[in-house]
Amino acid sequence: MQLDNLNPEHMCSGHVGCPGCGAAIAMRFVLKALGDKTMMVIPACCWSIIAGSYPQSALKIPVLHTAFETGGAAASGVRAAQDIKGDTETTVVTWAGDGGTFDIGFQALSGAVERNENFIYFCYDNEAYMNTGVQRSSSTPYGAWTTTTPGQHWKKLRKKNIVEVLVAHRIPYAATASIAFPEDLMAKVEKAKSMTGSRFIHIFSSCPTGWGMPSEMSIKIARMAVQTTIFPLYEVEDGLRYTINYTPKGYLVNEYFRLQGRFKHLTEEDLDSIQEMVDEDWNLLLRKAGISLETS
Amino acid sequence: MRQVLEGSHAVSEAVRLARAQVISAYPITPQTHIVEQLSEYCANGTLDARFLRVESEHSALAALIGAASSGVRTFTATSSQGLALMHELLHWASGARLPIVMAEVNRAMAPGWNIWADQTDSLAQRDTGWIQLYCENGQEVLDTTIQAFRLAEWVNLPVMVNLDAFFLSHTYEPVDVPDQKSVDRFLPPYKPRFQLDLANPCAFNQLAPPNIYMEMRHNIQMAMDEALTFLEQMEEEFESILGRRHGAVEAIQCDDAEIILITSGTVTSTSRQVVAELREKGEKVGLLKIKLFRPFPVNMLRERTASASKVAVIDRNFSFGASGIFAQEVKAALCNFPGHPPVYSYIAGLGGRDITMEVIENIYWLTKKSTAPENESSWVGLREVDHAVGQS
Ligand SMILES: Cc1ncc(C[n+]2csc(CCOP(=O)(O)OP(=O)(O)O)c2C)c(N)n1
Ligand code: SF4
Ligand SMILES: [Mg+2]
């Protein structure tokens, strides 16, 4: 792809992610956009493994691996130290999974952005605790099988809308992005990098291993999530100004669900009610963006 | 300059003089006066540091882990529930070899809610890889806090400076506050051995498989051993510049003592008085104050108690199902030493109950009368209450 040539790589081959890992693809694009003047905090998640074990690292930037729930706080400390040393050129970022962001690290994240700490928080979202073997998180979508929502006990609760929670903190920048839309993703990273204060980027990152699909489906599934408005691409500035970055063309959710093993138990009726939920969420987003339903 | 200082402010003054660069803390009684003062110093420019007002103790320590990994001097303070909340990160800080300094105000663990003196909070963290020091008075708190930075940075381990709730944290005493120049001589700016660095990008705290984890742990123990040696040298330097020295342990009239009382923290001051009075009555009693708990000064303990016929440990803490925690350590230190004195363990003053001179004297007489320790621990001054549990 053309993008490969545009920015230097800051991630090496030899990482230990599964084939087709969306989280690895997400990291690669994000680092291309961030550049090498970046320090990264990684709380426990798949990326604690993907980055490689002592004494090797797949990342060509300084990385601080930290405890699971400390993404927001540890990055605050790294930033404070750079500030007191007079370093203004380093971008401090956190790179956490959905579990480390939506659940166990939520308090530290909320605390950090309430203080408007000057950092970018990236959440790569694979919609479950993958590191520990596909357990449900509050990011796991309605309808999904996980090892803790097995059989007929598939998850019958909605996914937490983390971006809206961050928006409610009125932070300078909150955005969604997808590994299937790298130009949009990298543009958002560059935009976030040019701002100060707390910035949050939520990246949809397919997980072939946890979602029960072939590795070559990663990008296709991520693209379909956007096209169906299951995972809309948008950004919010100062908690107020919404911009929707991709206008879908009326794809229905069925095929997205049918392609993934984690949803194979769902009936047509289940999918109908999921379609209703997705439409409802999309319409809500349109209203927030000030787009009236008739014109959309 | 001699000033009348609250124990908490002895900590704050020390941290100011140590020129801490990033401070992060969350309020809990009785630690608040320490951090309020530091917050003020950061706000009015007396101290050129960033003060992170985080949303929990867990985040306070996590933030310092980030800051210390970036090569700056860091400080936090907490107590009791706050320390317990930090537990996971206490291990992280030592495992990551970060010289973080913490003031820990010893307060009882709930329930029931109790904000008063009790050492079980910090002693329950004994296996987390932190150097632990227990202070007796305001002067020792100030000196030890300054020294803590030097020690931590020398061995790359975090240091916890402990002081009893209220008896020390909220008591005003005359304290000599050294001038900045002298402290700068003793404690030069922090030169980190490693830090997050764009010019030399490294991954810290990454996956460590069985083929290397054990060596990393052993390195921590080597640093603990080094701390024991360095403490001595450091105290000499401190003494030559500031004229004071406290010691990892302090032996008071132990040389010819038949019974040695072993204490830590503020109960030591009261015990000094008791020992003086008993000596006047002709009793051959000594006092051994243990200041350094981790690393535990095993050899010093063996030497100082060698000639005694009994030792009596007073613990303001307890390990359920076992005994007083200092007593356990003393027993462990002496057990391989042939002919060591029997160790009596007494529990007193939990949850801030006064350990009066009478209590300590009583402990002495109980020990003297006894021919051998009867219990793992004896609880002194227990009131008559209904103890029935699990009986119908
Ligand atoms: C306090 C604590 N609890 C549990 C764990 C075990 N653990 C490590 S990673 C993880 C799940 C991570 O999930 P997520 O943040 O979604 O990242 P992913 O693995 O999916 O990439 C869990 C439960 C831990 N390391 N620390
Ligand atoms: S389990 Fe999923 S997220 Fe984790 S490395 Fe494998 S593909 Fe990537
Ligand atoms: Mg996940």
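Just so it is clear, none of the values below were taken in a lab; they were calculated from the coordinates. These numbers come from a predicted model, not from an experiment. All Cβ positions, glycine included, derive from the backbone under ideal geometry; neighbour counts span all protein chains shown.
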Restricting to the stretch A:95-139, name every residue that is within 13 Å of chain B (Cβ to nearest Cβ), under 16 Å from B:Ala62 (Cα atoms) and near ligand 3 (Cβ under 10 Å from one of its atoms). A:Ala96, A:Gly100
Provide a single number: the residues in the stretch A:32-77 that are within 14 Å of ligand 3 (Cβ to nearest atom) and surrounded by fewer than 24 Cβ atoms within 10 Å (Cβ to Cβ). 5
The stretch B:96-114, residues that are more than 16 Å from B:Thr266 (Cβ to Cβ) and either surrounded by 19 or more Cβ atoms within 10 Å (Cβ to Cβ) or within 16 Å of ligand 3 (Cβ to nearest atom) (or both): B:Ala96, B:Arg97, B:Leu98, B:Pro99, B:Ile100, B:Val101, B:Met102
Read through the list (1) more than 16 Å from ligand 1 (Cβ to nearest atom); (2) in a loop (DSSP other than H, G, I, E, B); (3) away from chain B (no Cβ under 14 Å); (4) in contact with a helix residue (DSSP H, G or I) (Cβ under 6 Å, 6 or more places away or on another chain), then give the number of the only condition that A:Arg158 fails. (4)
Residues in the stretch A:21-32: is at least one out of contact with any Ser or Thr (no Cβ under 7 Å at 6 or more places or on another chain), within 14 Å of B:Ala62 (Cβ to Cβ) and more than 9 Å from chain B (Cβ to nearest Cβ)? no
Those residues of the stretch A:7-27 which are away from ligand 3 (no atom under 16 Å from the Cβ) and surrounded by fewer than 19 Cβ atoms within 10 Å (Cβ to Cβ) amount to A:Asn7, A:Pro8, A:Glu9, A:Cys12, A:Ser13, A:Gly14, A:Val16, A:Pro19
Can you tell me which residues in the stretch A:256-296 are over 17 Å from A:Phe231 (Cβ atoms), touching a residue at least 40 places away in the same chain (Cβ under 8 Å) and assigned to a loop (DSSP other than H, G, I, E, B)? A:Lys264, A:His265, A:Leu266, A:Gly290, A:Ile291, A:Ser296
Across the stretch B:189-223, what is the number of residues that are away from chain A (no Cβ under 14 Å), surrounded by 11 or more Cβ atoms within 10 Å (Cβ to Cβ) and of a type outside the set (A, V, I, L, M, F, W, C)? 1
What number of residues within the stretch B:302-322 are closer than 18 Å to B:Gly265 by Cα and either surrounded by fewer than 14 Cβ atoms within 10 Å (Cβ to Cβ) or in contact with a Ser or Thr (Cβ under 7 Å, 6 or more places away or on another chain) (or both)? 7
Among helices (runs of 4 or more DSSP H) entirely within the stretch A:1-91, at least 1 residues that are under 24 Å from B:Leu98 (Cα atoms), within 16 Å of ligand 2 (Cβ to nearest atom) and in contact with a helix residue (DSSP H, G or I) (Cβ under 8 Å, 6 or more places away or on another chain) occur in A:46-50
Qualifying residue in the stretch A:113-127 (condition: within 15 Å of ligand 2 (Cβ to nearest atom) and in a loop (DSSP other than H, G, I, E, B)): yes
